[in-house]
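Input: a single structure, listed below in structure tokens.
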Amino acid sequence: MDLVLLAFLLFGFTTLASAIAVISVSNPVHAALSLVLTFFSVACVWIIAGAEFLGVALILVYVGAVMVLFLFVVMMLDINVAPLREGNRRYLPDWDLHPELRATADLSQALADADLVVMGIPSHAFRATLEEAAPFVRPWIPIVSLTKGLE
């Protein structure tokens, strides 16, 4: 097996694996980066096949310009990922959370009907977050701090 065939198989396998990653990952930024790897691998296959101009053009046009633009668009989108991350799949995958429990980034929504506020945030952000949450917490509601350390 010569070096050209080995490089062709390596880039072909990389192309296939990264193309599968494009359609299977849930994070759009990871999908875009997988697409960049797919384009780069296809360009390498073209270069190995003797189409150097097409390979370089693919890298410059698609990877260098179009994918950078696509990444900027994806990062500028205001995708609400909180509902996508609902659940406790990482730490307790076999335990289901209460069906009425909802994740939110809106303090007014989270604290609207709270009978108890549990704050588990880093100590350096505790005071600012508590001041931001104060207008939404009723005066008689207890606040439990899980913060480790002092400000």
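The values are calculated or read from the model by the stated rules, or taken from the named source; none is laboratory data. Remember, predicted model here, so these are calculated numbers, not experimental data. Cβ: placed from backbone, ideal geometry, glycine included. Neighbour counts: every protein chain shown. When the accessible area is computed, the model is the full protein with side chains, heavy atoms only, and any ligands, DNA or RNA have been set aside. Shrake-Rupley method; radii C 1.70, N 1.55, O 1.52, S 1.80 Å.
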Using only protein heavy atoms and a 1.4 Å probe, report how much of V68 is accessible, in Å² to the nearest 10.
60 Å²
Accessible surface ranking that places the most exposed of D106, D115 first, with a 1.4 angstrom probe:
D115, D106
Can you figure out the FRET efficiency of A49 with M1, using R₀ = 22 Å and their beta-carbon distance, to the nearest 0.05?
0.80
At 37 °C and 0.692 mPa s, grab the translational diffusion coefficient of the chain from Stokes-Einstein with a Kirkwood Rh over Cα pairs, rounded to a whole number in µm² per second.
164 µm²/s
Starting from the Cα of F136, move 7 Å in the Cα-to-Cβ direction to define the label point; list residues of segment 103-127 whose amide nitrogen is under 15 Å from there.
103-121
Report, by chain and number, residues whose modeled amide H sits under 5 Å from the one on V25, excluding near sequence neighbours (fewer than 5 apart, same chain).
none
